[in-house]
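S.K.: First the structure, then my questions, so here it is.
Just so it is clear, none of the values below were taken in a lab; they were calculated from the coordinates. The shown structure was predicted, so the numbers you read here are calculated from the model rather than taken from an experiment. All Cβ positions, glycine included, derive from the backbone under ideal geometry; neighbour counts span all protein chains shown.
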Amino acid sequence: MTSGRPVPSGLAVALVALALVPAALAVAGPAFLGLALALDVAVLALCVADFLAAPRAAHVAVRREVEPVLSSGLANPVRLVLELRGPKALRGLVRDEVPPGVDARGHQQAFALSPQASEATCAYTLTPSARGDLRLGDVHLRLMGPLGLCARQVRVAATQEVKVYPDLTGLTREALALTLASDAPAERILRRAAEGREFESLREYRAGDDLRSVDWKATARRGRTTVRVYQPERNQPVLLLLDCGRHMAGRVEGRRKLDHAVDAALRLAKVSLDAGDQVGVLAFARDVRAFLPPRKGGEHLRLLTAALYRAEAALEESDYGRAYDFAFARSSRRSLVVLFTDLVDPDASGTLLSRTLALRPRHLPVVASLLDEDLQRAATHVPPTLSDAYARQAAVRLEEDYQRTTLTLRDAGALVVRAPARGFGAAAVNTYLHVKTRGLL
């Protein structure tokens, strides 16, 4: 904790400005000059006395309360707790030192402490926009003197590192239900749930049930029409591949494409693990950055999150072939392979096409990419200027390349997901549910 340096208050500045009035009038007579000097000396003396009487660093203690793991894109609560350590009341300002690029709301506040109220809490929110390690700095205190003319500036050592994980709060079953409801009627999803291939139970026939699901032996035995209930198969491998190359370094709606992809991948992982499937992840660019083989269980989601929270997009070409070879060198079991990448770049699409289509028919590939709504608007809106016309032509060419790539993938039996950032995770989850309920895997 530093000993402190003097900081004049607004009141001191106002008094100094007031002393300038007789200084300006000194042109009319020398008496005013003496008055101006006397006022300046008086203000300076009062400021020095106020600084010497201001509370010192030892008179207050401060600590920061923050979770060791924060969520990116969310307002995370932080508390600064101040405690009086001296016999006299004090007031001042507290400011937490946050790294640049992080949205902090309320990290500078006024506070007051007294023997009757010896503890104060200053709460604020911290919204990191990216994953990774976040370093919070020291806490700065400005302790006001009793006259309010000068304050003692104090730095309290409080450097702290926290981890910023992708937003996991949207992975609850309630959030998933809302996601499904926004994309398809609930009746349609419930009806499809009976199309799995793994027997679950028997129940009495209900209006609307498929007659092909009637179990005639159980019907004869029970004396009432009975149907078989099926559920999607469990324990199937789901492999998530995240492209960390230059194509994913661009920004969509203020965040990197890779950040949106990581959020969507973890949401899909949570749903798959809840459904009893095995989930693995592979992050790659030119080389493999991280790999976890498919496993089951809730603990595995924590491992997946820890493996991806530091993933960064590198300004290099991604090697899809190396990633696929690495992923399937250890296992050839039929898997749902979900590749999160960008299909807009025509140069990279050729290699991606050949290697992804080579997965068929042993595996079921899904290619998920973000829909850049700005690019889509540029390709469809009437250009008002010549430069906008050139931009529209480039956007149209990119959209045409994407449509050709998508058509080729779908014709070969692969699935393609393209959705805007706000619905990217929902689209990936719904594709997985479609695969499971239809027994495509």
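S.K.: Work out, step by step, the length gained on full extension between Asp325 and Arg286: first 0.36 nm times the residue separation, then minus their alpha carbon distance; give nm to one decimal.
M.R.: Stretched out fully, the Asp325 to Arg286 stretch lengthens by 12.7 nm.
S.K.: With N set to the number of residues, divide the alpha-carbon radius of gyration of the range 244-356 by 2.2 N^0.38 Å and report two decimals. It would help to have the intermediate numbers written out before the result.
M.R.: Details: Rg = 13.9 Å, N = 113, 2.2 N^0.38 = 13.3 Å.
Output field value: 1.05.
S.K.: How would you rank 391-400, 268-277, highest first, on the average number of other Cβ atoms within 10 Å across their residues?
M.R.: Ranking the peptides 391-400, 268-277 by packing returns 268-277, 391-400.
S.K.: Pull out the extension gain between Asp401 and Ala123, defined as 0.36 nm times the separation in residues minus the alpha carbon to alpha carbon distance; nm, one decimal. If you can, show how the numbers build up before the last one.
M.R.: Working: separation 278, 0.36 × 278 = 100.08 nm, distance 4.99 nm.
95.1 nm is the gain from fully extending Asp401 to Ala123.
S.K.: Per residue Cα convex hull volume for the range 236-299, in cubic angstrom? Could the numbers behind the result be given before it?
M.R.: Details: hull volume 5.2 nm³, N = 64.
Convex hull volume per residue, Cα atoms: 81 Å³.
S.K.: Ser114 to Ser332: extension gain in nm, 0.36 nm per residue of separation minus the Cα-Cα distance?
M.R.: Working: separation 218, 0.36 × 218 = 78.48 nm, distance 6.96 nm.
Length gained between Ser114 and Ser332: 71.5 nm.
S.K.: While we're here: Per residue of the range 385-393, what does 6.51 cos²θ - 1.76 cosθ + 1.60 with θ = phi - 60° give for ³J(HN,Hα)? Whole Hz please, x for Gly and Pro, Karplus curve as stated.
M.R.: 10, 5, 5, 5, 5, 5, 4, 5, 5
S.K.: Check which residues have an amide H placed less than 5 Å from Arg286's amide H, if you skip close sequence neighbours.
M.R.: Amide H to amide H, under 5 Å and 5 or more residues apart or across chains, Arg286 pairs with Asp319.
S.K.: Scan around Arg85 for amide H atoms under 5 Å from its own, H built in the peptide plane at 1.01 Å from N, and keep only partners 5 or more places away or cross-chain.
M.R.: Val60, Ala61
S.K.: Each residue of the range 330-341 in order: what ³J(HN,Hα) in whole Hz does its phi give by Karplus 6.51 cos²θ - 1.76 cosθ + 1.60, θ = phi - 60°, with x for Gly and Pro?
M.R.: Karplus-based 3J(HN,Hα) across the range 330-341 equals 9, 7, 10, 4, 4, 9, 8, 10, 10, 9, 9, 8 Hz.
S.K.: Arrange the peptides 93-104, 429-440 so that the one whose residues have, on average, the most other Cβ atoms within 10 Å appears first.
M.R.: Working: 93-104: 15.4, 429-440: 18.9.
Packing proxy ranking, top to bottom: 429-440, 93-104.
S.K.: Would you mind getting me the FRET efficiency between Ala218 and Arg438? Use the beta-carbon distance for r and R0 = 30 Å, nearest 0.05.
M.R.: FRET efficiency, Ala218 to Arg438: 0.75.
S.K.: Continuing with this model, one more query. If one computes the Cα centroid of the range 129-167 and of the range 405-441, what distance in Å separates the two points?
M.R.: Value for the Cα centre distance between the two parts: 45 Å.
S.K.: Take each of the peptides 59-66, 308-315, average the number of other beta-carbon atoms within 10 Å over its residues, and list them starting from the highest. Write out the running numbers ahead of the final one.
M.R.: On the way: 59-66: 16.6, 308-315: 18.2.
For the peptides 59-66, 308-315, the packing ranking is 308-315, 59-66.
S.K.: While we're on this one: Quote the relative contact order of the range 56-119 in percent (integer), defining contacts as alpha-carbon pairs under 8 Å separated by 6+ residues.
M.R.: 32 percent
S.K.: For the range 222-369, what is the relative contact order in percent, using Cα pairs closer than 8 Å and at least 6 residues apart in sequence?
M.R.: Contact order relative to length: 28 percent.
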